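The values are calculated or read from the model by the stated rules, or taken from the named source; none is laboratory data. As the structure is a prediction and not an experimental result, all values here were calculated from the model. Cβ sites come from the backbone with ideal geometry, for glycine too, and all protein chains shown count toward neighbours. These accessible areas exclude ligands, DNA and RNA; they are computed on the full protein's heavy atoms, side chains included. Shrake-Rupley method; radii C 1.70, N 1.55, O 1.52, S 1.80 Å.
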Amino acid sequence: MTDKPILSVRNLKKHYILKAGLLNRTVGAAKAVDGISFDIYQGETLGLVGESGCGKSTAATSIMHLEEPTDGEVIFNGGGRAGESRNDDGTHPNDVTKFSKKELKAFRRDAQMIFQDPSSSFNPRMTVGSAIAEMLLVHGMDDKHRRRAIVEDLLERVGLSPEDYDRYPHEFSGGQKQRIALARALVLNPDFIVADEPVSALDVSIKAEVLSLINDLQEEFGLSLLFISHDMSVIRKVCDRVAVMYLGEIVEIGKTEELFANPQHPYTEALLSAIPTPDPRTRAQGIELTGEVPNPANPPSGCRFHTRCHRVIQSNDVDMDQDAWRAVLNFRDSVRSEAIDIDLIEENALIEEGGHGDASDGAIKDQIRDEFNLPDQLGDTSAETSLERALDWIVDGEMEEAANFLSEEFVTPCEETVPEFTDHGDGHRSACLRHSEESQTVEALADDD
Amino acid sequence: MATKKPDRFDQVDWDEFTDSTGLSISINTKLMLVAALPLVALYLFDRFRVGEREKTFPKLGEDLGLSGLFETLGLDYNPSNLDYLFIFTIFVFLIYLVLPLYQNPRMTKYYWSEFKRNRPAVVSLVWLGIVFVGGLLGPLFIKRPEQDILRGHQPPAFYHISENHVPRCLGEVSNGRCHGTWAHPLGTTQGGKDILDVIIHGMTISMKIAFITTLIVATIGITFGTVSAFSGGWVDEIMMRFTDIVISFPTFILFLLVLYIYGATLGMFIFVFAIFSWGGTARYVRSKALSVTEEEFIKATNISGASKYRIIRKHVVPNTASSIITQLTLLIPGFILFEAQLAFLGLGDSELPSWGQLIASGRSDLSFAPWIVLAPGFVLFLTILAFNFLGDALLDALNPQAEAEADK
C-alpha cells in the first residue's frame, strides 16, 4: 500500500488544435505536453523544471483537469482511493481524466493548486477570508461560523492573523497573498498540491520564507507536492525528485542530489550551469544554448533537443571539434530555413575588406564563417570540402542547392532516432542518445582512424 | 492532534456533508422579495381591480375599508405603470447597490477614500443626491403645478422686469417694474406654473429616465454579454452579430414612428431608447468577462469545484461591475439630454413637467423672461455635468486591482 504512488501520470498529452482561415480549418496542433509519465509518492515533492513555454503549466492544469487532456492517464490514489486496482478492460477507476462530475468534485477536495501570480489569484472584490471559506461552502459546509473558525485558524497557521479574514487582496503584499493562496489550497485538507511557480514572482527573502512554510506544512500534514519551477536553485531546496521537461517531454528524471551531482541529459547540464554562484570571483561557466526554442506545433524530429544541444552526436564519418560540429549544424539549419541574408553578409564583407564595388567571394565566405561561428578550417577534411562546396553555392545565390547538399552531408543521429530512457540506477533516468549509442559511436570513430 | 478541536481544517469529516450547490439565498435577495411582493400585489390590484377612471389608492382604501384613514393621510395617489417600474428600480438600486456598501464597510471605506480625491466628483455626488431625493420625495409634498394665466411671467426673487410683460404682478411694483416674490423664487412660466415646482417634478422625470433605462440596459446588456462570453462558438457569434444590429439600429426614426402611432409618452421614450441602447454594454461586458475568465482566481475557483453559475455570479459579474457602473453612469446623461432635446423640438409629451418641456415653453419669451429657459437649462446642465464627473471618478475608484498594480 505505502509503495503505491499517490499520483501516477501515464503518457499524458495535451495538444492545442490550431485553426486558421475563414472556415476555421484545423491546420495543426501545438503539442504543449506530449506524452509525459511520472509518479509521485506519499509525502514526496517532485519538481518539474524547464524553461518558459516547455509545457510545465499545461501539464499541471491537465493533471488537475482544469483542461481536458488529449490523451493519457492521470491516476490519483489519494483521499482513500488507494484500494482500487485496474479494471478488466484496462481502465483505472482512479483515472482523473475519466472522472464523472461527482467524482471530479470529490477529487477537487483531495488535490489542490497554488498559482504563480499572487496579484491575480484572488478575486479583488472578495475578502480573502470569504475567498478561502468559499471552498468549504462549495463542498457543502453551510455553517457560516464554522467556516469562519476554520479559516481563521488556518490563516494563523500560514503566518497571518485571524483579523485578516475581512481584508481585501489589495491590502496584502505578494508574499502574504501567496501565504493566503497556500491557506486556500489547504483548507479542504488535500493529499496532493500542485504548486505552479509559487515563488517565482516573489523577492528573494520572501521566497525563502514561503518555501520554508511550504516545507513545514508538507511535513505536518504529509502532503505530496508537484512543484513547478524554472529556477533550479529553488528546486534544489524543496524537491525530493526532479523531472526536467523540454518541449513537452520529460528528458530526465531522478533524485535531486543525484541529478544535481551527476546530470545525464545535456539539457539538464545547461540548466544547472545557469544557476548563479554566490561567489562573485568565479566567472559563470554557463553552457550557452545556441539556436532558437523550436515551435511546439512542429517539434524537431528525433531528439527534440538536437537543434540546441551542445553535445549533439557527430555522424559516423565525421570527426571534429564539438563546437565546430554544433556550428555546422546551426549553419545547416539556417540555410535550410532560408534565414541567411546574403545581401547583408555581402555588405558586411565589403566593409571588412574596406574595398569598393563588390566583395570578393573569399571575403563573403569568411564573413559567413564569422557570423555562424564556423572555424576557418574544420577539423575533418572531407567535412571541410563539403562545407566549402556549400559556401560556394551560397555565394552564387543557389540556396536550395546548398541546403539540399548540406542536409545530405551533415546528419546527426540525434535527429533520426527518438531517444529511449536509459536507467542510471536508483530511478535516475534520462532520454539521450549518447547513453544508448555512446559505445557504438566510439567504435565507429576508432574504425575511421 | 491530541485535543479534538472541531474547527480545524484537517479535522473536518467531509463525508458528513452532502453535496450542495453552495448557493444559498442572500439576505439581499430576501429583502428584495419582501420589498417587491407588495409592489407587485399593488400593481396587480391596480391592473385588475381599479377601473379606468378610478384612482388606485382611494380604491384600495375603499376595498380595505380604510377610506377614512387613507383620506386623513392624504393617500390619493394614482401611480402609472412607469411609477411601479420606477419604484421597483429604486428597490433594486438600494438593495443591490447601496446595501452592499453598508455590508462591506472595508471596501466602502476604500472606495470612498479613492473617490473623494476627486473633488468635482464629490460635489457632483451631492448635487445628484439632491436631484435624487428631490425627485423621489418632491412630488409627494409639492402638487403638480397647475395652469394659472393670471400668475404668468412672474420674475424670480431678486429680479424685476417691465410691468408690461406681467399680467398681474404679485410682488412689489416700483418705477413701472415688477419685482419677484418668494412665493415663486424662480418665477413662473407664461402659463403661471411655478418654475421651482416644475423643476422638482422634472427631477422625478429625469430620475425615472436615469433609473429605468439603466435597469433595462444593465439587465439585457449583462445577461447578453456574459451568456455570449461563456457560450462561445456559434452562439457567441450569433449573439454578437445581433448586438451589432441593435447598435446600428436607427432608434430615433423608430421613436418618431412610434410617436406618430402611439403618441409620445415618457414610458414609450424610455422603453424605445433603453431597448436599443444595451448593445454597447453587452459588448463591453462580453470583452470584460472574457478577460476576467483568464485570471488565475477563476482557475482557483474552478479547482474548488464550484459550479459554472457560481463562478459567473460571484466572480465574473462582480468583477465586470465596476466597468459596467462606469459605463452606465456615462450613458444616463445621454438619455436625459435626449429627452430634453426631443421636448425642445416639440417631439415629447407637452403635458409632462420635464426640464426639456419647461425649456421649450420658454423659448418664445426668451427676450424678456429668460429665467424660464435659464433655470431648468442650468439644472439640466449641472445634472449632466455631474453624471460625467461621477462616471469619471467611479472609473478610478472602483478598480482596486488597477490601483494595486500601480503601487507595485
Are there any pairs, at least 6 apart or on different chains, whose C-beta atoms fall under 9 Å, with the first in region B:50-71 and without any contact (Cβ under 8 Å) to a residue 60 or more places away in the chain and not assigned by TED's automatic domain parsing to the domain that holds B:Tyr84 and the second part of a helix (DSSP H, G or I) and polar (S, T, N, Q), and if so, which?
none
Could you check region A:181-209 and list, in sequence order, the residues that are within 27 Å of the chain's Cα centre (by Cα) and of a type in the set (Val, Ile, Thr)?
A:Ile193, A:Val194, A:Val199, A:Val204, A:Ile206
For A:Glu152, state whether it is farther than 30 Å from A:Asp39 by Cβ and either acidic (Asp, Glu) or within 9 Å of another protein chain (Cβ to nearest Cβ) (or both).
yes
Just wondering, is there one or more residues in region B:273-289 that are open to solvent by less than 10 Å² (accessible area, probe 1.4 Å) and within 30 Å of B:Val373 (Cβ to Cβ)?
yes
Checking A:Gly222 against (1) over 22 Å from the mean Cα position of the chain (by Cα); (2) buried (at least 21 other Cβ atoms within 10 Å of the Cβ); (3) in contact (Cβ under 8 Å) with a residue 60 or more places away in the chain, only one condition comes out false. Which one?
(2)
Residue count, region B:32-49, condition of a type in the set (A, V, I, L, M) and either open to solvent by 30 Å² or more (accessible area, probe 1.4 Å) or not assigned by TED's automatic domain parsing to the domain that holds B:Tyr96 (or both), comes to 7
Residues in region B:252-284 that are closer than 23 Å to B:Ile325 by Cβ and of a type in the set (Ser, Thr, Tyr) total 3
Which numbered condition A:Tyr246 misses (of (1) within 24 Å of A:Lys14 (Cβ to Cβ); (2) within 14 Å of chain B (Cβ to nearest Cβ); (3) in contact with a helix residue (DSSP H, G or I) (Cβ under 8 Å, 6 or more places away or on another chain)):
(2)
Can you name the residue in region B:290-299 that is within 26 Å of A:Leu182 (Cβ to Cβ) and in contact with a helix residue (DSSP H, G or I) (Cβ under 7 Å, 6 or more places away or on another chain) and, of all such residues, is surrounded by the fewest Cβ atoms within 10 Å (Cβ to Cβ)?
B:Thr293
Limited to region B:124-146, what total is found for residues that are touching a residue at least 24 places away in the same chain (Cβ under 8 Å) and within 22 Å of the chain's Cα centre (by Cα)?
13
Can you name the helices (runs of 4 or more DSSP H) wholly within region B:37-151 that have at least 2 residues being within 14 Å of chain A (Cβ to nearest Cβ)?
B:99-103, B:105-115
Checked pairs for region B:96-110, first open to solvent by 80 Å² or more (accessible area, probe 1.4 Å), second outside any helix (DSSP H, G or I), C-beta under 7 Å and 6 or more apart or across chains, list as B:Arg106/A:Arg167; B:Arg106/A:Tyr168
Could you check how many residues of region A:169-201 are in contact (Cβ under 8 Å) with a residue 40 or more places away in the chain, of a type outside the set (Ser, Thr, Tyr) and under 22 Å from A:Gly55 (Cα atoms)?
8
